[in-house]
Amino acid sequence: MFDQTQIQEFKEAFTVIDQNRDGIIDKEDLRDTFAAMGRLNVKNEELDAMMKEASGPINFTVFLNMFGEKLKGADPEDVITGAFKVLDPEGKGTIKKQFLEELLTTQCDRFSHEEIKNMWAAFPPDVGGNVDYKNICYVITHGDAKDQE
């Protein structure tokens, strides 16, 4: 399902989330991970919902299988679009290039300069510096028409 490089990346992610290093991700590990990312006071219900996505204790094998199931197909287009809409409170369907680039290079799994360059090549902003996130969502979920040829 995954190549060796991807498995190593998942192992690194698992290690980061398994805050107490016991080989099992539990609710407190999730809480600590959120805290490390600056999100404090996560509700127990939210953590419980995350834990219920697994059929039992989350060791690395379960973690890898969970990602495999999630990645079989990308999230539905409306879910991805909904995530972008949070960044578009006026509902224009676009996000400023500078804002999106800043988020992608400074938050969580940061994009490299090369990844940003590739993204703008694939999804160039308009002359006003706006990025059409609905197009990005469509390509993520359906593929690019030229890729289908």
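Which numbered condition trips up F2, out of (1) open to solvent by less than 60 Å² (accessible area, probe 1.4 Å); (2) at pLDDT 90 or above?
Condition (2) is where F2 drops out.
For residues in the range 37-46 being open to solvent by 90 Å² or more (accessible area, probe 1.4 Å) and either in a loop (DSSP other than H, G, I, E, B) or β-branched (V, I, T) (or both), which is modelled with the highest pLDDT?
K43
When you go through Q98, Q107 one by one, which is the residue that is polar (S, T, N, Q) and modelled with pLDDT under 90?
Just a single option satisfies the conditions, and that option is Q107.
Conditions tested, residue by residue: (1) open to solvent by 90 Å² or more (accessible area, probe 1.4 Å); (2) polar (S, T, N, Q); (3) outside any loop (DSSP other than H, G, I, E, B); (4) touching a residue at least 12 places away in the same chain (Cβ under 8 Å).
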{"residue": "I7", "(1), (2), (3), (4)": "no, no, yes, yes"}
{"residue": "G23", "(1), (2), (3), (4)": "no, no, no, yes"}
{"residue": "L30", "(1), (2), (3), (4)": "no, no, yes, yes"}
{"residue": "A35", "(1), (2), (3), (4)": "no, no, yes, no"}
{"residue": "A54", "(1), (2), (3), (4)": "no, no, no, yes"}
{"residue": "F63", "(1), (2), (3), (4)": "no, no, yes, yes"}
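Does F84 fit the bill of being of a type in the set (A, V, I, L, M, F, W, C) and not in a helix (DSSP H, G or I)?
no
Filter the range 93-135 for residues that are without any contact (Cβ under 8 Å) to a residue 40 or more places away in the chain, touching a strand residue (DSSP E or B) at 6+ places or on another chain (Cβ under 7 Å) and part of a helix (DSSP H, G or I); which is surrounded by the fewest Cβ atoms within 10 Å (Cβ to Cβ)? Talk me through it step by step, then tell me what you get.
The first filter runs over the range 93-135 and keeps only residues without any contact (Cβ under 8 Å) to a residue 40 or more places away in the chain, leaving 94-107, 109-132, 135.
When the remaining residues are screened for being touching a strand residue (DSSP E or B) at 6+ places or on another chain (Cβ under 7 Å), the result is 94-97, 100, 123, 125, 129-132.
With the extra rule that they be part of a helix (DSSP H, G or I), the set shrinks to 97, 100.
Numbers: K97: 19, L100: 24.
So the residue we want is K97.
The values are calculated or read from the model by the stated rules, or taken from the named source; none is laboratory data. On a predicted model such as this, the values are computed, not experimentally measured, just so you know. No Cβ is skipped: glycine too gets one built from the backbone with ideal geometry, and neighbour counts run over all protein chains shown. We work out accessible area using only protein heavy atoms, side chains counted, and drop any ligands, DNA or RNA first. Shrake-Rupley method; radii C 1.70, N 1.55, O 1.52, S 1.80 Å.
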